[in-house]
Amino acid sequence: MKKNILIIAVSIVSLLVINSGYSYAASAGKLLTVKNDVYIIRGDVKSDAQAQQSLITSDAVETGKKSRAKILFKDDSLLNLSELSRVEVQEYLYDSGTDRSKSIYNLIDGSIRVVVGRSDLEIHTATAVAAARGTSFDIWSEGKGKNLRTCSKIFGGQVKFKNKDDKVKGSITAKKGDTCCTPLGGSPRIIPPGTQNPPINPPQTRPKSVLQPIGIVLEIEEGGPTE
Amino acid sequence: MKDHVMSKLFLLFLIVLTSFSLATDLYAADSAGQYYAQGVDSANKGDYEKAISLLQRALELSPDDSDAINFELGRLYYITDDCGMADKHLSAFNSASDDENLKHYADGLMDTCGEISSDKSQHIDILTGLQYDTNVLVEPTNPIDKAGQKSDAKAVIYLTAGTEVFDVDGISLTADYSLYQSLHYRLNDYNMQHHQIKPVINFDLSDSFMPSVGYSYEFTRLEYDNYSSVHNVFANVVVPGSEGRSTEFNYEWRNKRYSDSDLYPANTERDGYRQTFGARYNIFTEEAAYGLFVKTAWDKARKNYWSNHMYGGGADLSYRIEDNLNLSVTTMLENRRFDENFPTASHTREDNLFGLSAELTYMLNDMFTLTFANALTVNNSNLDDFTYKRNLTSLFISMGVL
């Protein structure tokens, strides 16, 4: 009985995929350039990556210290991995009819720069889901433990952010020039300019006050003269 | 007859000339096409140098039909991190092409060319603006002449820069520097210059306990005179709670050295140190951040009538009205009791200081933020000479340079 249900479920999913025009691509993309220590993790095997090497769904690419990699996908989306980063091709569906893809990449560590091609693209991190179409942005993880958060700088177009945990309400659409951070267990927030590097603790940050210079004045006036 | 023959010869010459010209064009077009095809093929094989060379040749041969060539060249220069050349060819493509999707994509390539700055830990911020102060002259070392309390406008520049020096195994060292300079419109003696150097060591060793310790050196000048220098040691602990809550505890020890000047001839009487203990509770929600804080401080000065004990508390709120509009409000109350009578006073001084400030911040774009702020300070003292009220209205523009 369970077997029959499984077969029916797989058939329904297959039909849905076929009817949508999207299908799992044999090759999702390839490594354009590799610099220094870059690895491909396929299944349980970790091997040195080579330029022009093909990537398939569930492959992960990892960069070492002072290493970088550029990945081009069939839909012309580009992922640039900076050092000490790891990204996994979680899902890649390609529609040869429309020449578009639906893709999900899992940023496990570090930072990547993304130029979205003909794709409905999602980047999943430990804390956030970023959904993008026709845009370019950087996205990176920072902090540890309860301080963990995902931040992103948008260069063009729009990227929609929400917490990876569906129980956390709230989403935000970041536009060109915005820096958006999504903390663990919190809603995404736009970080005001001038506070691009806010301290990680407390877990979510207060905007830096411009009254701080006034604070200097008030500080030295305690019990004494002021300006 | 002779004219007829000449006409035929001329017509034949024209036909030959046109055919030759057409053939040359066709040959050139074929060559450009071939170079383009070979260039794309080389690019697909990962031989980017050869691909660029072939596409450049194609561009030379067919400069008037160059959209596709410029686009491919732009992409290749992007891949090889030659951002100047990538910009040149992608800009040329964008100028000539009608394909909005590809133009958008080319914009993305131009915006993101080059290495990712994985080092997000450096910053330079500049804040500048104007302030109007209703009570510049507050001189507690001498009895205040109420009539002498003056208002003045001033320009302010505040520069902050910082970097993460290292981050190894959960221990990081950050170093910050700030410079504050005010320039008064009338009361130039009160032009203040304040420098602060602040290294901090952060320990990120545990999910439930995040300590940091630091030191800062502060140096202040008023116009041409030294005013004070302060060595400051502090420790901070953050204890994260659940659902966006956290508690902070902090300790601070300040060693203060003042300088006498014409403006403040008895300033060194206040040399000494201060210890402060504080606690803060934070609540973060989707739209707002709330904080409640308490603190107590002991100030020990060379002359005991400057020594005092302070305790106080307050609350602050930061509310995001729109994505680019933020309102912050802070209120605080402090009680300060001094250890001994002032020489001219018959009883011991006790102050109650109330502060209320609000600031409205509007993000203009990715670099600039505009802020309107107002800070009210009211000090009620049992010695009338030390009672004052001060209102500071500010208009700032801040810029995140890095």
* Structure fact -> Over region B:174-200, the set of residues away from chain A (no Cβ under 12 Å) and open to solvent by less than 40 Å² (accessible area, probe 1.4 Å) is B:Ala175
* Mind counting the residues in region B:47-83 that are free of Cβ contacts under 8 Å to residues at least 24 places away in the same chain and touching a Cys at 6+ places or on another chain (Cβ under 9 Å)? => 1
* Asked: Under the condition of being buried (at least 16 other Cβ atoms within 10 Å of the Cβ) and not in a strand (DSSP E or B), which residue from region B:383-402 is nearest to the other protein chains (Cβ to nearest Cβ)?
  -> B:Phe386
* To do: Would you be able to say whether some residue in region B:29-44 is touching a strand residue (DSSP E or B) at 6+ places or on another chain (Cβ under 6 Å), part of a helix (DSSP H, G or I), under 25 Å from A:Asn80 (Cα atoms) and within 13 Å of chain A (Cβ to nearest Cβ)?
  => no
* So B:Ser328 fits all but one of (1) facing chain A (nearest Cβ under 10 Å); (2) surrounded by fewer than 17 Cβ atoms within 10 Å (Cβ to Cβ); (3) touching a Pro at 6+ places or on another chain (Cβ under 8 Å); what number is the exception? -> (2)
* Extreme residue, least open to solvent (accessible area, probe 1.4 Å), among residues of region A:26-35 that are among the small types (Gly, Ala, Ser) and out of contact with any Phe, Trp or Tyr (no Cβ under 6 Å at 6 or more places or on another chain) -> A:Ser27
* To do: Answer yes if at least one residue in region B:271-281 is without any contact (Cβ under 8 Å) to a residue 40 or more places away in the chain and within 18 Å of B:Asn226 (Cα to Cα), and no otherwise.
  => yes
* Within region A:165-194, count every residue that is open to solvent by 40 Å² or more (accessible area, probe 1.4 Å), within 8 Å of chain B (Cβ to nearest Cβ) and under 18 Å from A:Arg133 (Cβ atoms). => 1
* Asked: Quick check: anything in region B:331-339 open to solvent by less than 40 Å² (accessible area, probe 1.4 Å), more than 8 Å from chain A (Cβ to nearest Cβ), closer than 20 Å to B:Leu292 by Cα and of a type in the set (S, T, N, Q)?
  -> yes
* Long-range neighbours under 6 Å by Cβ, at least six apart or interchain, first residue farther than 21 Å from A:Lys70 by Cβ within region B:95-114, second assigned to a helix (DSSP H, G or I) and open to solvent by 20 Å² or more (accessible area, probe 1.4 Å) -> B:Ala96/B:Asp67; B:Ser97/B:Asp67; B:Ser97/B:Lys103; B:Lys103/B:Asn94
* Among the residues of region B:346-382, which ones are open to solvent by less than 20 Å² (accessible area, probe 1.4 Å) and outside any strand (DSSP E or B)? -> B:Arg349
* Odd one out for B:Asn308 among (1) under 33 Å from the mean Cα position of the chain (by Cα); (2) facing another protein chain (nearest Cβ under 10 Å) -> (1)
* Structure fact -> Taking region A:143-164 and keeping residues more than 29 Å from B:Ser172 (Cα to Cα) and surrounded by fewer than 24 Cβ atoms within 10 Å (Cβ to Cβ) leaves A:Phe155, A:Gly156, A:Gly157, A:Gln158, A:Lys160, A:Lys162
* Residue selected from region B:69-90 under the condition in a helix (DSSP H, G or I) and open to solvent by 50 Å² or more (accessible area, probe 1.4 Å), by the criterion nearest to B:Met110 (Cα to Cα) -> B:Asp87
* Options B:Ala297, B:Ala289; residue that is facing another protein chain (nearest Cβ under 8 Å), assigned to a strand (DSSP E or B) and over 23 Å from B:Ser182 (Cβ atoms) -> B:Ala289
* Structure fact -> Flagged in region A:122-142 as open to solvent by 30 Å² or more (accessible area, probe 1.4 Å), in a loop (DSSP other than H, G, I, E, B) and either modelled with pLDDT of 90 or more or facing chain B (nearest Cβ under 10 Å) (or both), in numbering order, are A:Ala126
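The values are calculated or read from the model by the stated rules, or taken from the named source; none is laboratory data. None of the values given here were measured: they were computed from a predicted structure. Backbone-built Cβ (ideal geometry, glycine too); neighbour counts: all protein chains shown. For accessibility, only protein heavy atoms count, side chains too; no ligands or nucleic acids. Shrake-Rupley method; radii C 1.70, N 1.55, O 1.52, S 1.80 Å.
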